[in-house]
Amino acid sequence: GIQVEQSPPDLILQEGANSTLRCNFSDSVNNLQWFHQNPWGQLINLFYIPSGTKQNGRLSATTVATERYSLLYISSSQTTDSGVYFCAVEVVNFGNEKLTFGTGTRLTIIP
Amino acid sequence: DGGITQSPKYLFRKEGQNVTLSCEQNLNHDAMYWYRQDPGQGLRLIYYSQIVNDFQKGDIAEGYSVSREKKESFPLTVTSAQKNPTAFYLCASSIDLRGRRNQPQHFGDGTRLSIL
């Protein structure tokens, strides 16, 4: 099956810093999503981005499908950004689509 | 508000018992999914259903069962055959993928299951 690797596994930053999280995947995909899991376990949709670039406030994401990677940018980090960020991809396989998750990047923002 | 409701938030089970986790959505989504998350890990797919009265095994279906009698509901039963059921269980849904591809999944708040 498809492999999804996220880096770095852990990231500790001072409040106000910027960060870049990376997601590499091993096969062509027709769906890629970024999620934020907060300390209570809630999984929040950040971006649906199979290709191209999107921005939402301090967050933006870029997926280069031909090179099989996606980047999540967080600018001016706040303590509420802490949590685990997951990348999930869906392989091109009509009629049998399912998401495969990476192991996540744990982000800790220090005040 | 439209969304996905999972209940209960916390569930305790004695060894040898079956338990059923509820997942209800009012988003009019056709597809529904169950995932398992172990501490420090990503999510792994247990079962999914793209239409009513049909479902498929995911990557870790052993020891679990599901039903999809209604579009809005996709309950997951953790059977006594599941030897290590303690985990965080998340339900998700998405618009029917067939013919309308590239649709994001939306998640409920999860159920934490523990063995007594």
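Cross-link reach is defined here as a Cα-Cα straight distance under 16 Å, omitting same-chain residues fewer than 8 places apart; for residue B:14 the lysines meeting it are B:83.
The phi-based Karplus calculation (6.51 cos²θ - 1.76 cosθ + 1.60; θ = phi - 60°) puts the 3J(HN,Hα) values of segment B:65-80 at 9, 9, 9, 9, 7, 10, 4, 7, 10, 8, x, 10, 9, 9, 8, 5 Hz, whole numbers, x for Gly and Pro.
On the basis of the beta-carbon distance and an R0 of 30 Å, residue B:22 and residue B:59 show a calculated FRET efficiency of 0.85. Couplings 3J(HN,Hα) for segment B:51-60, derived from phi with the Karplus relation 6.51 cos²θ - 1.76 cosθ + 1.60 (θ = phi - 60°), are 8, 4, 6, 8, 7, 10, 6, x, 7, 9 Hz, where x marks Gly and Pro.
Once the piece of chain linking residue A:7 and residue A:76 is laid out straight, how much longer is it, given 0.36 nm per residue of separation minus the C-alpha distance between them? Value of the extension gain: 22.9 nm.
Which FRET efficiency value, to the nearest 0.05, do you get for residue B:7 and residue A:56 by plugging their Cβ-Cβ distance into 1/(1 + (r/R0)^6) with R0 = 41 Å?
Values: r = 30 Å, r/R0 = 0.73.
My answer for the efficiency is 0.85.
Comparing the protein assembly as shown with the 2.2 N^0.38 Å rule of thumb, its C-alpha radius of gyration ratio is 1.01 (two decimals).
The H on the amide N of residue A:98, modeled in the peptide plane, is under 5 Å from the matching H of A:91, each at least 5 residues off or on a different chain. For a straight C-alpha distance cut-off of 20 angstrom, the aspartates and glutamates reachable from residue B:57 (same-chain residues fewer than eight places away being disregarded) are A:90, A:97, B:24, B:30, B:38, B:69, B:72, B:96.
Quick one: grab the alpha carbon gyration tensor of chain A, order the square roots of its eigenvalues as a ≥ b ≥ c, and give me rounded if a/c is under 1.5, else prolate or oblate depending on whether a/b is larger than b/c. Since a/c reaches 1.5 and a/b is larger than b/c, the shape of chain A is classed as prolate.
No lab work stands behind these numbers, since they all come straight from the coordinates. These numbers come from a predicted model, not from an experiment. Every residue, glycine among them, receives a Cβ derived from its backbone with ideal geometry; neighbour counts consider all protein chains shown.
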